[in-house]
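Structure first, then comments.
Derivation of every value follows stated rules applied to the coordinates shown; laboratory data play no part. Since the model is a prediction, treat every value here as computed from it, not as a measurement. So basically every Cβ, Gly included, is an ideal-geometry build from the backbone, and we count neighbours across all protein chains shown.
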Amino acid sequence: ARAEGADVEIVRAAALLHDIGLDEGRAGHETSAANRARDILREHGYAEPFIAAVAHAIESHRFRSGPAPRTLEAKVLFDADKLDSIGAIGVARAYAFGGHRRQKLWADVPPDYVDAGDDQAGASQHTAVHEYHVKLKLIKDRLHTASGRALAEERHAFMVRFYEQLDREMKGEA
C-alpha cells in the first residue's frame, strides 16, 4: 500500500475484513463481507467516505466475480489477495483447498473445461491443476499495481515450473 501511495488505513481495514463473509459460502462472499464491514466500521464510528472506500475494495477483490476495482486502495487489496494465490504459498493453498473438498491430486484438464467456480456440484471434477489452468496462471497479467506485478513475476515462474513438473511426473515423463 505504501509503495503505491495508497491510503494504508483503508487497505488495512479492507484486508482485515475482506473475507469475513466466507462463513456464508464462497459465492457472493464479497457482497456479504462488504455489508458486514460497513456495519462494523459504522459501529466503531468511522466516517462514511472511509466506510465506502473499504466496502468498495472488499466488493471488488474477487477474481471470478464482482465489480472491477476502481480506486487505488481497491487495486492494492485485489493484488495482495491474488499474490497469496500464486507461488509456493498459492500451490500449498490450492492443494489444501482441494484436500478439504476431497479433490484428486492431479487430472488432465481438457481444452473445453469450463470452470465450475463456486458451484459445489462442479467442484468434484475440479483439482488444483484445473485451478492453475483456469485462474492461477492468469493472475500475473491481471494485477493492477506495479508493486503487485513485480512481486508476481518470481511467484508466477515458480508456480509454472511446479505444475509443468507435476504434469511430467504424473505422465511418467520425469
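A compact globular protein would have a Cα radius of gyration near 2.2 N^0.38 Å; the ratio found for the stretch 84-174 is 1.10. For the listed peptides 146-157, 162-173, a ranking on the average number of other beta carbons within 10 Å per residue, highest first, reads 146-157, 162-173. For the chain, the 222 nm mean residue ellipticity estimated from helices alone, with every DSSP H stretch of n ≥ 4 adding -39500 (n - 2.57) and the total spread over all residues, rounds to -17500 deg cm²/dmol. Normalised by residue count, the chain yields a Cα convex hull volume of 113 Å³ per residue. Neighbours of Leu72 by Cβ distance under 10 Å: Lys/Arg scored +1, Asp/Glu scored -1, total -1. Ranked by the mean number of other Cβ atoms within 10 Å of their residues, highest first, the peptides 5-13, 68-76 come out as 68-76, 5-13.
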